[in-house]
Every structure is written in structure tokens, then in C-alpha cells.
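The values are calculated or read from the model by the stated rules, or taken from the named source; none is laboratory data. For clarity, every value in this text was computed on a predicted model and none was experimentally measured. Every residue, glycine among them, receives a Cβ derived from its backbone with ideal geometry; neighbour counts consider all protein chains shown. Quick note on the areas: whole protein, heavy atoms, side chains included, nothing else; ligands and nucleic acids left out. Shrake-Rupley method; radii C 1.70, N 1.55, O 1.52, S 1.80 Å.
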Amino acid sequence: MSLAEQALSYVRAISPYQPGKPITELAREMGLPVDKILKLASNENPLGMSPKAKKAVEAAIAGIERYPDQFDLIAKVAACTGVGQNQVVLGNGSNDVLDLIARVFLAPGRSAVFSQHAFAVYPLATLATGAELICTPAKHYGHDLEAMRAAIRPNTRIVWIANPNNPTGNFLPYPEIRAFLEVVPREVVVVLDEAYNEYLPPAERVDTADWIKDFPNLVVTRTFSKIYGLAGLRVGYALASAEVADLMNRVRQPFNVNNLAIAAAVAALDDHLFVADSYELNRRGMAQIVAGLKRLGLEHIPSHGNFVTFKAGDGAAVNQKLLQQGVIVRPIGGYGLPEWLRVTIGSEPENARFLDALEKAL
Ligand SMILES: *Cc1c(COP(=O)(O)O)cnc(C)c1O
């Protein structure tokens with residue numbers, strides 16, 4: 001008798017998440033110093049963290065013996081997004097709030113709908129509850145909302161949508177999402193994951209948090225891991241109706257976000273200059289990488305995030321040749337895209353090094 005046989009069958013059926021290869025791991029494998037390795041595999045901010053956030057972290061070390069108080073960050077997020085404080089749920093990364101939503105609404109005998117090539121955490125969060133996963137075919141590598149609506153069954157309780165989507169970078173126009181919310185049954189929660197929201201041109205952004213009052217079944221999630229550069233601290237949040245937020249808070253660990261993360265996130269929300277610089281660097285870097293991919297004759301999926309997915313042919317082989325040159329990108333065979341690789345937009349010299357390594361790898 002093995003212990004695995006005693007485990008929940010739906011837990012045993014989960015395939016583990018495959019993170020971007022850590023710099024330290026490749027350094028060990030290749031016998032290279034860490035500072036010779038370029039990681040463009042996890043959509044991290046090439047500018048690092050906001051200097052204001054860094055100062056706040058340093059100051060917060062003084063209170064580290066105390067349990068965290070979420071009040072300041074909840075108040076700040078509520079003020080920045082225009083929702084009530086009772087509508088904000090903080091997470092240990094937005095991954096945490098995605099899990100909380102799943103735990104509130106899913107169980108064996110229920111189902112959730114997501115799209116082919118959508119973010120890997122949706123199947124993980126769904127399957128961990130024992131609920132059934134319904135995957136709809138992608139349209140031009142992105143979400144097909146019509147197919148997703150048609151896939152909803154009487155036992156469906158969550159629809160997962162990433163906008164922009166990772167790893168494909170697709171963007172769904174806001175009117176389409178709004179129209180989708182109009183036709184989805186009100187007992188189905190629509191999770192709109194906006195991890196890359198701040199990389200959209202400000203003029204194109206619509207305040208989806210403002211839709212929650214019309215659609216109490218809408219949950220919007222955002223993160224401090226991407227443009228705010230705080231991936232290692234783990235902090236994100238959900239905006240929901242007061243009723244849904246209250247339910248999520250019941251299954252949330254009381255101290256799920258640590259002191260340093262709270263202090264950093266509060267300060268990061270005030271560092272508008274850092275966000276503007278990060279946005280601008282990404283805009284220029286995206287143009288640089290897209291031009292380079294075109295020069296190499298490689299197809300790419302137009303991206304609205306801080307990364308771009310391109311067709312490398314044999315993705316695994318090209319990835320291996322990039323690793324040999326100390327460059328880490330993200331193979332996405334696990335997303336059903338084995339011919340493609342996803343690269344995060346870096347700084348100008350980092351992008352140049354990546355393109356040079358890619359040319360050699362092809
Ligand atoms: C990176 C990412 C997140 C954020 O994850 P965190 O747990 O906040 O670090 C969420 N959704 C998508 C689609 C992402 O790509």
C-alpha cells in the first residue's frame with residue numbers, strides 16, 4: 001500500500017506547475033557565475049523594484065516580530081481602484097486569491113471553464129478542489145468568449161479569463177467582456193485576471209473594477225509581481241462584491257501577506273514615476289524584440305503584456321541552445337504550444353543579447 005493511493009484522486013491527477021528556470025539552477029548546471037545568466041522567463045520587471053518600495057521594505061524590517069496588519073494596503077488599494085474597503089481581498093501573490101475564489105465556489109460535482117492556452121494556474125486552482133475542468137478551444141491563440149459561454153453547464157461556478165492572457169499576450173476588447181458578463185448566468189463567477197493591466201496603454205484601459213456594481217459575479221484580480229517588480233515578495237489582490245469578498249476572506253489565512261510585502265505594495269502604489277518608467281521601457285523593448293524576431297523571419301503573437309511568444313520551430317531544441325548560452329526563456333509545450341517560446345521583455349542590452357543568442361540558436 002502506498003500513501004499516494006490514499007491521496008485524493010483529483011490531487012494525484014494534477015500535473016505540477018512548471019516555473020521559469022531559476023538563474024541559480026542554470027548557474028549550477030552550467031558551472032556559470034549567476035551574473036553571466038540572463039533570465040527572461042517569468043515576466044519579471046527588468047528595472048527591479050521601485051526605490052520607494054525598497055525604502056519601505058527596509059523600514060518595515062524594524063517591525064518584523066509583529067503579525068501583519070493589512071489595513072493600510074487594503075485602504076490604499078480601495079482608494080486607487082475606487083471600490084469599498086470591504087471589496088478588497090489581499091493575496092500572497094494574485095495566485096493566492098485565485099485559489100481562494102476556487103475554494104469558495106468549486107468542489108467535486110462542480111465545474112469551471114477556461115480557455116486553451118490560458119494561464120496554468122486556472123487548471124491548478126480548479127483541479128485542487130476536485131471540480132471538473134472544461135477547456136474551450138482558443139481563437140487566434142486567445143479566449144473565444146462565445147465558445148466559453150456555450151461551454152457553461154448547470155454545475156459551472158467559475159469562468160477564468162486572463163486579459164491580457166499569459167502566455168499568448170492576447171487582449172480581449174472591453175466591450176466583448178462586458179457583453180459576455182451580460183449573458184453569463186449570475187450564479188457563475190467570472191474571474192477577470194488583469195495581471196498585465198498596467199502594461200496596457202493608459203488611453204486604452206477601462207476601469208473594470210467599476211463594473212462590479214453592475215455584475216456582482218465579477219471578480220477582478222491584479223498583482224504587484226509584474227509592473228511593480230515585487231514578484232519575490234508575493235502580493236496581489238482581488239476586487240469583488242462585498243458578499244464575495246467576505247466569503248473569500250473566510251477561507252483566507254489570516255496573515256497571508258507578510259509585513260514586508262504590505263509595506264512595499266503600499267509604497268509601490270505611490271511610485272508613479274517607477275510605473276511610468278517601467279511601462280516606457282517595456283514599450284520600447286517590445287518594439288526592439290518584435291523587430292528582431294521579424295528580422296529573423298519568426299512569427300510572433302502580438303502581445304499586450306511584458307512578454308512576447310514567438311514560433312521557434314522545435315521549441316525545446318531552441319530553448320536548449322539558448323540555455324547553453326546562459327539565456328533563460330520559457331518553453332510553453334505545457335500550454336499546448338511546443339513550437340513556441342515566450343520571452344519576457346528586458347532592458348535594451350538584455351533584449352539585444354537575447355536576439356543575438358536566438359540567432360545563434362536557430
Ligand atoms: C504572473 C501572472 C499572475 C501573477 O501571479 P502572482 O501570484 O501575483 O505572482 C497572475 N495571472 C497571470 C495571467 C499571470 O501571468
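A Gaussian network model of the chain, with springs between Cα atoms under 10 Å, assigns the largest mean-square fluctuation among Ala268, Ala179, Ala138 to Ala179. Using a cut-off of under 14 Å, list every residue of the range 87-104 whose amide N is near the label point 7 Å from the Cα of Val206 along the Cα-to-beta-carbon line. Within reach of a label on Val206: no residues. If R0 equals 35 Å, the separation of the Cβ atoms of Arg283 and Ala179 corresponds to a calculated FRET efficiency of about 0.75.
Each peptide in 185-195, 302-312 gets a packing score, the mean of other Cβ atoms within 10 Å over its residues, and the list from highest to lowest is 302-312, 185-195. Quick one: which of Lys54/Lys213; Lys39/Lys360; Lys139/Lys213; Lys54/Lys294 span more than 28 angstrom between C-alpha atoms? Listed pairs above 28 Å: Lys54/Lys213; Lys139/Lys213; Lys54/Lys294. Helical content of the chain, expressed as a calculated mean residue ellipticity at 222 nm, amounts to -11500 deg cm²/dmol (DSSP H runs of 4 or more residues, -39,500 (n - 2.57) each, divided by residue number, nearest 500). Three principal axis extents describe the C-alpha atoms of the chain; from largest down they are 56, 54, 49 Å. Taking 0.36 nm per residue of sequence separation and removing the Cα-Cα distance, the Ala128/Ala4 pair yields an extension gain of 43.1 nm. Using a probe of 1.4 Å, the accessible surface attributed to Lys55 totals some 150 Å² when neighbouring protein chains are kept in position.
Relative contact order (percent) for the chain, with alpha-carbon contacts under 8 angstrom and 6 or more residues of separation? List each step's numbers first, then the result.
On the way: 692 pairs, mean separation 85.7, N = 362.
So the answer I get is 24 percent.
Between the range 159-181 and the range 207-282, how far is it from one alpha carbon centroid to the other, in angstrom? Result: 18 Å between the Cα centres.
Considering just Cα atoms, how many Å³ per residue does the convex hull of the range 14-151 enclose?
Values: hull volume 29.5 nm³, N = 138.
Looking at the range 14-151, the number lands at 214 Å³ per residue.
The label-point distance for Glu299 and Val34, in a model that sets each label 7 Å from Cα toward Cβ, rounds to 3.9 nm.
Once R0 is set to 30 Å, what does the formula 1/(1 + (r/R0)^6) return for the Cβ-Cβ distance between Leu47 and Cys80, expressed as a FRET efficiency to the nearest 0.05?
Values: r = 20 Å, r/R0 = 0.68.
Efficiency at R0 = 30 Å is approximately 0.90.
The lysines within cross-link reach of Lys55, meaning a Cα-to-Cα straight distance under 23 Å and a gap of 8 or more places when in the same chain, are Lys76, Lys226. If the chain linking Ala242 and Glu359 were pulled fully straight, counting 0.36 nm for each residue of separation and taking away their Cα-Cα distance, it would gain 36.9 nm. Residue separation of Asp314 and Asp214 scaled by 0.36 nm, minus their Cα-Cα distance, works out to 31.4 nm of gained length. Within the range 51-268, what percent of beta bridges assigned by DSSP are antiparallel, to the nearest 5? Bridges in the range 51-268 that DSSP calls antiparallel: roughly 35 percent.
In terms of the mean number of neighbouring beta-carbon atoms within 10 Å, the peptides 199-205, 123-129, 221-227, 292-298 order highest first as 221-227, 123-129, 292-298, 199-205.
Within the P(r) computed for the range 260-362, what percentage of the Cα pairs occupies the region above 15 Å? Intermediate results must be reported in sequence, preceding the final value.
Values: 3362 of 5253 pairs.
Pairs farther apart than 15 Å: 64 percent.
What is the magnitude of the charge dipole of the range 254-355 about its Cα centre, with +1 placed on the Cβ of each Lys and Arg, -1 on the Cβ of each Asp and Glu, and no other charges, expressed in debye to the nearest 20? Kindly include the intermediate steps, with their values, before the conclusion.
Working: 9 positive and 9 negative charges, 82 e Å.
That gives the range 254-355 a dipole magnitude of about 400 debye.
With no solvent and one point on each alpha carbon, what is the Debye value of log10 I(q)/I(0) for the range 1-76 at q = 0.14, 0.19, 0.22 Å⁻¹? Summing over Cα pairs of the range 1-76 leads to -0.91, -0.94, -0.99.
With springs only between Cα atoms under 10 Å apart, run a GNM on the chain and tell me which of Trp340, Trp160, Trp211 wobbles the most. Comparing Trp340, Trp160, Trp211 in the GNM, the peak value goes to Trp211.
A simple charge model with +1 on the Cβ of Lys and Arg, -1 on the Cβ of Asp and Glu and nothing else charged puts the dipole of the range 51-268 at about 300 debye relative to its Cα centre.
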